[in-house]
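The structure appears below as structure tokens.
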Amino acid sequence: MRTYGFYILLMLTLFGCAKSNDDFLNRAPSNILLDEQVWKDEVLVLSVIANLYDRYPDYQTIENWSEFATFDEAFASEFGQYGRHKNQQYGYGAWGFWDYGYIRELNLFIEKCSKANLLKPETRDRFLAEARFLRANVYFELVKRMGGVPLVLEPLTYDYKGDPSALQRPRQKESEIYDFVIKEMDAVMPALPDDANIKSRATKGLVLATKARAALYAASIAKYGATTPQVSLPGGEVGIPASMADGYYKTALAATQQLINSGKYALYNKKPDNLSENFAALFYDKGGNPEVIFVKDFKLQSGKVQEWTLANQPRSLAEEQQGGRLNPSLNLVQSFEKLDNTFAPYATNAAGGDYIYYDKPEDMFAGRDARLAGTVILPGTEFKSKKVDIWAGYILKDGSIVTANNFGGQAVVGGNRIQVVGFDGPIDNLEFSAQTGFYVRKYQDPAVGSGRIGTKSEVWWVRYRYAEVLLNAAEAAFELGDKSTAAGYLNQVRARAGLTVPLTPAEITFDRIVHERKVELAFEGHQLWDMKRWRLAHVIWDGLSTDLTTHPENARSTSTRVFGLLPYRIYNPGSPQDGKWVFKKVLPSNVTSAHQFRLGNYYSFIGDDIRNNNPLVIKNPNQ
Amino acid sequence: MRNSLFIIIIVLLAASCKKDNYAAPGTSFKGRIICQGEAVNVSQGEVFFELWESGWGKRTPVNVAIAQDGSFSSLLFDGNYQLVLPKGQGPYLTLPDAASHTDTMLLQLKGDRTMDIAVLPYYMIRNAKASANGRQVTTNCKLDKIITDTRAKNVERITLYVNRTQFVDGINNIATQSINGGDIQDPGNITLQVNVPAVNPAQSSVFVRVGVKIEGVEDMIFSPVIEQKL
């Protein structure tokens with residue numbers, strides 16, 4: 001009896017399940033949106049493309065401060081990062097990139113968007129153009145890092161029949177990928193808005209800037225690749241024939257001039273009274289900034305904030321018990337020229353060997369390019385309207401040094417216990433102290449709270465700006481033999497930096513172009529790509545422990561280790577030098593190795609897994 | 001009761017360990033990179049060659065690094081390998097394999113094997129001798145041009161390296177002295193001198209060798225390391 005009852009109950013249950021209604025197993029999901037729901041609503045499509053924008057690849061950015069210490073721009077003043085200065089060689093896989101998952105999603109977006117009839121045509125065309133821009137940009141990133149790569153322009157789907165060979169594509173020529181990027185920029189331009197106030201989405205200005213940058217990279221690889229014939233592959237997957245250089249330079253110059261002549265953008269010059277402050281503000285001023293073309297934006301209290309200021313704020317003024325991580329190197333700091341357009345390393349000692357005495361530490365850096373103080377927090381200068389405290393100790397009458405090993409440490413000098421080292425250091429081997437004597441200023445946010453863990457910063461990361469466009473124009477014009485045009489563009493950028501004596505066309509050289517990009521674009525993620533395309537990387541990072549160069553103006557000067565410049569106070573009561581400042585050039589003790597960029601580093605290693613899955617992909621040279 | 005349970009667990013654990021482990025590779029493959037019977041000295045670990053073994057799902061090479069005296073050694077499984085000297089690796093040109101006429105050499109491993117690999121370096125440094133006067137070290141050597149046909153390359157510089165340990169090259173050194181390729185008067189008799197800085201703790205001898213950097217070639221060719229009493 002009981003068993004019957006059980007079976008009846010069971011049958012009723014099953015019956016009830018199966019019967020209830022037809023769409024029981026066909027219910028619309030409540031946790032994801034389906035294609036037909038997305039592609040009729042502009043707002044939803046915008047959030048799809050926002051995700052794709054967010055995955056725009058960057059190598060060195062303000063969200064990843066330590067990568068800036070990989071080469072010679074800065075020292076990494078944090079325990080876990082000292083290894084960056086102890087390694088000799090860069091791995092062949094370093095800064096590699098192979099994100100075909102992202103490309104597939106862009107291709108899917110493009111496929112679906114072009115069929116989305118429910119959107120307004122102009123809205124749909126704009127989304128489509130943005131996705132095509134992003135896709136071309138990924139290929140640009142891939143070709144910069146890996147050379148020619150397989151060009152996949154439609155979403156590939158595996159049929160699970162055991163033979164994936166239909167999906168395998170060989171690598172294109174390096175030049176073909178650059179051609180693709182340039183062509184795509186032309187194709188998407190008409191559908192994009194021509195509005196300089198749009199900073200975080202694709203615009204006509206951005207497309208022109210990208211086209212110019214890509215063409216310039218291709219041109220310089222064609223021209224300077226001739227100096228390193230070993231860095232090439234017989235099929236052209238790596239290396240561009242020298243004969244193509246002029247064509248690319250012309251494309252680059254034309255694109256930059258189209259952008260410049262449109263008059264939509266201008267150099268940032270809101271604070272002409274203080275050019276250093278002006279240069280620093282160019283990066284953090286988000287209100288009507290005429291120079292910025294394309295950014296990755298951040299917003300306070302939205303979850304999308306960045307930690308650059310938290311990581312790098314001067315330790316003495318820090319809003320947390322940290323900061324001071326990135327210390328610009330003397331190598332970079334001495335590259336900023338004097339206001340008369342000449343170069344000089346910093347004078348620490350007179351001809352006789354005695355120190356040179358300065359009344360104030362900042363006097364050492366007076367009369368230099370205004371971008372120096374806009375890029376670097378120098379000893380004796382201010383951040384957030386407070387003075388930083390960077391000094392390494394006292395030098396006594398007999399030449400001995402009195403210092404301490406904690407921030408603002410004290411010791412007995414002349415019978416009194418006084419502070420003998422700055423609250424920012426420099427203290428060798430003490431993390432967060434300014435171990436090179438400098439802190440980074442570019443991108444630091446002067447807003448209150450920017451250095452707090454609970455607040456952080458909403459300063460944006462600038463990927464394209466007008467000054468770079470001018471420098472690209474100058475370089476392209478110079479390489480095409482038009483030195484007066486090159487001088488015109490270069491002098492605009494230099495005048496903004498306080499270098500009011502214009503360079504004459506005869507003074508424009510390759511070294512000048514290299515140098516101008518180095519100082520204007522420091523800490524903006526350009527250095528590696530520039531050194532690669534000029535084939536200078538293996539020259540300046542040659543692995544030899546050479547001393548700091550005395551010729552910062554020379555593009556081929558080696559710079560394999562990061563040096564520092566430490567200020568000391570003189571303690572010698574009764575003498576005229578008492579209380580004055582002297583400087584010592586130092587090599588931080590954690591810098592134990594010289595960087596070596598090998599020929600195999602020019603194009604990153606394509607992993608064995610990738611080449612196993614697709615045997616048509618061949619290896620990069622010299623690895 | 002508790003103890004015996006414990007023993008059973010131990011026995012089970014030990015038994016499971018044994019079962020699914022592979023034997024470690026035990027066949028040694030060693031030799032030197034040579035030219036005319038003489039080892040080609042390079043930078044420690046900078047140059048390598050690849051061993052490929054087919055028949056596995058994925059193709060990944062075993063990279064064998066070459067030590068600074070030109071020797072290599074590797075522990076492998078028995079099997080049939082293909083040995084490839086990658087293009088652009090090492091300060092030498094590779095000789096096509098006699099059997100396959102390609103850059104690939106077939107290598108059969110069945111028990112330990114010692115084999116020298118012949119290559120064609122651009123130069124060789126011969127008869128390197130060192131002497132010391134106080135802390136000044138002097139070396140003398142002869143630079144022998146091996147490749148003289150159209151593939152020949154010029155010398156960029158020749159450099160004397162001194163280090164406190166036996167690893168001496170462009171990266172590991174405490175003192176160097178160079179002559180540029182164009183300034184070499186007599187390649188048969190090259191003399192280089194350098195003052196060795198004081199080292200702490202003091203040592204009674206230093207390690208010295210001479211390297212040649214060839215134009216357009218990344219890796220250098222060295223003389224054998226000499227331990228020089230000071």
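The values are calculated or read from the model by the stated rules, or taken from the named source; none is laboratory data. The shown structure was predicted, so the numbers you read here are calculated from the model rather than taken from an experiment. Note: ideal-geometry Cβ built from the backbone for every residue, glycine included; neighbour counts use all protein chains shown.
Data overview
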read-out	value
Residue satisfying all of: in region B:16-49; of a type in the set (Asp, Glu) and assigned to a loop (DSSP other than H, G, I, E, B); modelled with the highest pLDDT among these	B:Glu46
Test result for A:Ala434, among the hydrophobic types (A, V, I, L, M, F, W, C) and more than 29 Å from A:Glu307 (Cβ to Cβ)	no
Members of region A:249-269 that are within 9 Å of A:Ala473 (Cα to Cα) and free of Cβ contacts under 8 Å to residues at least 40 places away in the same chain	A:Ala254
All positions within region A:363-386 that are modelled with pLDDT of 95 or more and part of a strand (DSSP E or B)	A:Val376, A:Ile377
Among the residues listed as A:Phe423, A:Phe438, A:Phe407, A:Phe432, the single one being over 17 Å from A:Gln322 (Cβ atoms) and either touching a residue at least 60 places away in the same chain (Cβ under 8 Å) or touching a helix residue (DSSP H, G or I) at 6+ places or on another chain (Cβ under 6 Å) (or both)	A:Phe438
Residues (within 9 Å of the chain's Cα centre (by Cα) and surrounded by fewer than 21 Cβ atoms within 10 Å (Cβ to Cβ)) located in region A:54-66	A:Asp58, A:Tyr59, A:Thr61
Condition check for A:Glu105: within 30 Å of A:Gly91 (Cβ to Cβ), in contact with a Pro (Cβ under 9 Å, 6 or more places away or on another chain) and acidic (Asp, Glu)	yes
Residue tally, condition surrounded by fewer than 18 Cβ atoms within 10 Å (Cβ to Cβ) and in a strand (DSSP E or B), over region B:139-156	5
Whichever residue in region A:238-259 is part of a loop (DSSP other than H, G, I, E, B) and away from every other protein chain (no Cβ under 14 Å) and, among such residues, is surrounded by the most Cβ atoms within 10 Å (Cβ to Cβ)	A:Ile240
Filter result (more than 8 Å from chain B (Cβ to nearest Cβ) and closer than 21 Å to B:Phe48 by Cβ) within region A:588-598	A:His595, A:Phe597
Segments classed as strands (runs of 3 or more DSSP E), wholly inside region B:68-128, with at least 1 members that are under 30 Å from B:Gln228 (Cα atoms) and among the polar types (S, T, N, Q)	B:71-76
Residue satisfying all of: in region B:170-188; at the interface with chain A (Cβ under 10 Å from one of its Cβ atoms) and of a type in the set (Gly, Ala, Ser); farthest from B:Ser205 (Cα to Cα) among these	B:Ser178
Extreme residue, surrounded by the most Cβ atoms within 10 Å (Cβ to Cβ), among residues of region B:17-51 that are touching a residue at least 40 places away in the same chain (Cβ under 8 Å), farther than 18 Å from B:Val210 by Cα and within 14 Å of another protein chain (Cβ to nearest Cβ)	B:Phe49
Whichever residue in region A:529-542 is away from every other protein chain (no Cβ under 14 Å) and part of a loop (DSSP other than H, G, I, E, B) and, among such residues, is farthest from B:Gly170 (Cα to Cα)	A:Trp534
Leading residue by the ranking (surrounded by the most Cβ atoms within 10 Å (Cβ to Cβ)) among those in region A:76-94 that are among the hydrophobic types (A, V, I, L, M, F, W, C) and either within 22 Å of A:Ile540 (Cβ to Cβ) or within 14 Å of chain B (Cβ to nearest Cβ) (or both)	A:Ala76
Residue within region A:558-573 that is within 14 Å of chain B (Cβ to nearest Cβ) and among the aromatic types (Phe, Trp, Tyr) present	no
Residue check for B:Val210: within 14 Å of chain A (Cβ to nearest Cβ), crowded, with 20+ Cβ neighbours inside 10 Å and at pLDDT 90 or above	no
Any hit, region A:584-604, residues being among the small types (Gly, Ala, Ser), assigned by TED's automatic domain parsing to the domain that holds A:Asp359 and on the phi > 0 side of the Ramachandran plot	no
Residue count for region B:189-207, restricted to those that are assigned to a strand (DSSP E or B) and either within 14 Å of chain A (Cβ to nearest Cβ) or β-branched (Val, Ile, Thr) (or both)	4
Selection from region B:89-114 of residues that are among the aliphatic types (A, V, I, L, M), exposed (fewer than 13 other Cβ atoms within 10 Å of the Cβ) and at pLDDT 85 or above	B:Leu106
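Each row is one residue, and each column tells you yes or no for (1) of a type in the set (Val, Ile, Thr); (2) modelled with pLDDT under 95.
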residue: A:Asp273; (1), (2): no, yes
residue: A:Phe283; (1), (2): no, no
residue: A:Gly287; (1), (2): no, yes
residue: A:Val292; (1), (2): yes, no
residue: A:Val295; (1), (2): yes, no
residue: A:Ser302; (1), (2): no, yes
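Residues are listed down the side, and each one gets a yes or a no for (1) more than 25 Å from the chain's Cα centre (by Cα); (2) within 30 Å of A:Lys619 (Cα to Cα); (3) part of a helix (DSSP H, G or I); (4) away from every other protein chain (no Cβ under 14 Å):
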| site | (1), (2), (3), (4) |
| --- | --- |
| A:Arg512 | no, no, yes, yes |
| A:Val519 | no, no, yes, yes |
| A:Leu544 | yes, yes, no, no |
| A:Asp547 | yes, no, no, no |
| A:Asn554 | no, no, no, yes |
| A:Phe583 | yes, no, no, yes |
| A:Gly600 | no, yes, yes, no |
| A:Ser604 | no, yes, no, yes |
